[in-house]
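As structure tokens, the structure follows; a few thoughts come after it.
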Amino acid sequence: MLLNTLLDELTGRGSGTEAARRERYDWLEQLRCANPQAAEGGPMAGIPGHHWYRLPQALGVAGQRTDLLVGTLNAQYLVFAGRHAAAFAAELGLQYDANNRIDRPGGLDALLDAYEEEADGGWNTLPAGPPAPPLAGWDEVYFRVRDLSDGKAIQSVTTIAYESSRFPGHTLLGTTLVGAGAIAHDDDTAAYLRQVFADWAIQRECADACRPAQEPWPHAPRQAPPAAFDFAQNLRYLDTLLAAYARAQTQAESDGGDAAYWACAAASTAYQVFSLRYTAGLPLPEVATALEAAVAACESARAALADAYGDDALPAFDFEQLTDYARTLQLLGASLLFGRHDLAMRLAALQTAFDGEDGVYEALLAAVYPRRPAVDEWYFAAPYTALYDGLHADDPAQQLAHLRHYLATWHPALVQEDWFNGHLRTQGPGGYYGLWAFEAAAVAQRLGLDRSALVHWLMPPEP
């Protein structure tokens, strides 16, 4: 019976209540076992989990069977030999985690073990030197979230099918509670979670509507994509998703919902549309049109935020949030790189609340506004100190050294961003749209540096 409760949760039939999980956990404690394959250096050493269990009988999903389980009170995963996440997703109705939003077993800080966490909580950086190739790891998650909120408490349970280069040759399939369990009901939090769930439903519907391409991609990509990447399908998906967000925003404006949520989602997607068009090797005039649309989407998001909060001075991007800060510099750098100073001026108009507060931002804008204030502090030391130093160095050799260091440290410093390692997510649409440090190319252009001396997988090759 208790084995059935696990299958019920996986298939979405079970309640997933905390009481049921506690009963199953207490029962599993009697089945604890030592797993020599999970010892250091073993084939399962990378599978995160505190306890291993041998079930009294094997459970079967999508034609695969196992009697091995790993987990804790709030998270239990069946462990299957082989890579079966896509098959499990098809069998159980799971969707692809394109945006890296679902907590992996063990947490996002363990993602791929790509970079080592230091004692102070930071991440080590790559030394300056020869161009660093893209990482060789991979990380695939499919998921379904069920809302178990009852008006008194907010709670949900997530079904996950997970594969990773941390434990190649195995697939985890299980369920986990969001956070440590239920939290007290709050109307605003509940409403926000309903929007997140609705957003995931929209993403799934759009992904299902975009079938794989039948013809080879006719353009030469500007960045090496994941293996077997389908540019045509992914471009259709992002265009479809952008249109769906526009409809959701219109509906929210009509029925009094949170239109700002959908406007911000559309702005993020519009950047992805631009970036993927650039990455896919489409002609530069078409890419420039997508860049202008991305800036326009930011303007719409800012207007929606101002309306929602009754504050016309709200910026489109909050520089105190690394996600917003990084995206601002990417957009500003792309605008300068494409010679679209009009777009740079439009972006600056969205950020007047931060005028005179960030040295990197001000130094980039000085290419358009020579009278921008000189500021010697900035919001995030890693990786942006190297960019600031490059902008302010007088010797071209030093400028090149700083920019090389910036390119080497950009990706690992942004490990917590939802697009981190997007170039390694290959199984579903939306996971990859190109990773570009457009601001680095804009700085090289402004300093008159030869970009051939800065070849790196994150450095835009043109214009």
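The values are calculated or read from the model by the stated rules, or taken from the named source; none is laboratory data. Remember, it's a predicted structure, so these values are computed and weren't measured experimentally. No Cβ is skipped: glycine too gets one built from the backbone with ideal geometry, and neighbour counts run over all protein chains shown. Quick note on the areas: whole protein, heavy atoms, side chains included, nothing else; ligands and nucleic acids left out. Shrake-Rupley method; radii C 1.70, N 1.55, O 1.52, S 1.80 Å.
A few comments on the model shown:
- Some residue of the range 322-336 being closer than 23 Å to THR240 by Cα, open to solvent by 10 Å² or more (accessible area, probe 1.4 Å), more than 19 Å from the chain's Cα centre (by Cα) and not acidic (Asp, Glu): no
- Selection within the range 436-462 - open to solvent by less than 10 Å² (accessible area, probe 1.4 Å), closer than 19 Å to TYR325 by Cα and assigned to a loop (DSSP other than H, G, I, E, B): TRP436, ALA437, LEU458
- Residue in the range 50-57 that is without any contact (Cβ under 8 Å) to a residue 24 or more places away in the chain and assigned to a loop (DSSP other than H, G, I, E, B) present: yes
- Taking residues in the range 17-30 that are under 13 Å from ALA75 (Cα atoms) and among the aliphatic types (A, V, I, L, M), and partners anywhere that are at pLDDT 80 or above and not in a helix (DSSP H, G or I), the pairs with Cβ atoms closer than 9 Å and at least 6 places apart or on different chains are LEU28/HIS51; LEU28/TYR53; LEU28/LEU55; LEU28/LEU69; LEU28/GLY71; LEU28/GLN76.
- Number of positions in the range 346-368 that are open to solvent by 30 Å² or more (accessible area, probe 1.4 Å) and either in a helix (DSSP H, G or I) or closer than 16 Å to VAL443 by Cβ (or both): 5
- Some residue of the range 302-318 being assigned to a helix (DSSP H, G or I) and among the basic types (Lys, Arg): yes
- When the range 207-218 is limited to residues that are in a helix (DSSP H, G or I) and without any contact (Cβ under 8 Å) to a residue 40 or more places away in the chain, the one that is least open to solvent (accessible area, probe 1.4 Å) turns out to be ALA209.
- Across the range 242-267, the qualifying residues are those that are open to solvent by 50 Å² or more (accessible area, probe 1.4 Å), under 15 Å from ARG194 (Cβ atoms) and in a helix (DSSP H, G or I), and the one among them that is modelled with the highest pLDDT is GLN251.
- Any hit, the range 219-231, residues being open to solvent by less than 40 Å² (accessible area, probe 1.4 Å) and in a helix (DSSP H, G or I): yes
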